[in-house]
Amino acid sequence: MSEVFNGLPAPWTVRYSKSKKREYFFNPETKASQWEEPEGTDHGLLKQYLAEHPLRVRCLHILCKHSGSRRPASHRSEHITISKAEAIDELQELQKRLESGESFESLAKERSDCSSYKRGGDLGFFGKGEMQSSFEKAAFALKVGETSGIVETESGVHLIKRVQ
């Protein structure tokens, strides 16, 4: 069997078990899955691949809902009436405050419409397929410590900071 860039012998892939909260290995041809690395794995390449292509990330975010959000209500207001443009303007102001040195966590506690505001916007770890598509794409594209530009989802508009 030939090795691929992820260090696993073809056709093996690495996946993440939500119930066991750990990675496992899956062979899509045979449908076999196992906890141990398959025979022929290059452990060093696999470790490097997982560092560069995480199965899970941990992010903070600030959500600004608007009247077009799928649920235009939050702990801040039962009836959110601002427009999407106004929500984007608010996030742009928050971006300026971040650039001037204010902490992401304090701004999330002050402004976010998500219940994660209590934790400074911390969403904890999540894997692929657990968040709305545009949010997930932006979160997984960030390097640790980076903050996204404005990301639109059905929930509203966000700033996302990857912390792990």
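The values are calculated or read from the model by the stated rules, or taken from the named source; none is laboratory data. Here the structure is a predicted model, which is why all the values come from computation and not from measurement. For neighbour counting, all protein chains shown are included, and Cβ atoms are generated from backbone atoms with ideal geometry for every residue, glycine included. The protein model used for the area step is the full one, side chains on, heavy atoms only, and it has no ligands, DNA or RNA in it. Shrake-Rupley method; radii C 1.70, N 1.55, O 1.52, S 1.80 Å.
Here are the numbers for this structure:
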item	result
Loop-located trypsin sites (Lys or Arg not before Pro) in the range 69-118, at most 16 other Cβ atoms within 10 Å (DSSP)	70, 76
Rounded to whole Hz, the Karplus (6.51, -1.76, 1.60) HN-Hα couplings of the range 106-120, x for glycine and proline	5, 5, 5, 5, 6, 10, 5, 8, 8, 5, 5, 4, 4, 9, x
Per-residue SASA entry for residue 94, accessible area with 1.4 Å probe, Å² rounded to 10	10
Whole-angstrom gap from the range 121-136 to the range 5-56, using each part's C-alpha centre	21
Relative contact order [Cα under 8 Å, 6+ residues apart], the chain, whole percent	23
Derived scalar couplings ³J(HN,Hα) [the range 30-47; Karplus, 6.51 cos²θ - 1.76 cosθ + 1.60; whole Hz; x for Gly, Pro]	9, 6, 6, 9, 7, 7, 7, 4, x, 4, x, 6, 8, 4, x, 5, 4, 4
Carbon + sulfur, % of accessible area of the chain - ligands and nucleic acids excluded, 1.4 Å	48
Ranked order, 157, 144 - accessible area, probe 1.4 Å, largest first	144, 157
For the range 150-164, Karplus couplings with θ = phi - 60° (6.51, -1.76, 1.60), whole Hz, Gly/Pro x	6, 10, 9, 9, 5, 7, x, 10, 10, 10, 10, 10, 7, 10, 7
Given charges at beta-carbon only (K, R positive; D, E negative), |dipole| of the range 56-162 in Debye	400
Listed residues 77, 44, 30: farthest to the positive end of the dipole of the range 29-86 (Cβ charges)	77
Charge dipole (debye, nearest 20) of the range 2-58; +1 at Cβ of Lys and Arg, -1 at Cβ of Asp and Glu	580
Charge tally in the Cβ shell below 12 Å around residue 143, where Lys, Arg are +1 and Asp, Glu are -1, residue 143 excluded	0
Within the chain, longest stretch free of exposed GluC sites (Glu not before Pro) [DSSP loop, at most 16 other beta carbons within 10 Å]	40-77
DSSP loop chymotrypsin sites (Phe, Trp or Tyr not before Pro) with at most 16 other Cβ within 10 Å excluded, longest remaining stretch of the chain	36-164
Long-range HN-HN contacts of residue 114 with modeled amide H, under 5 Å	63
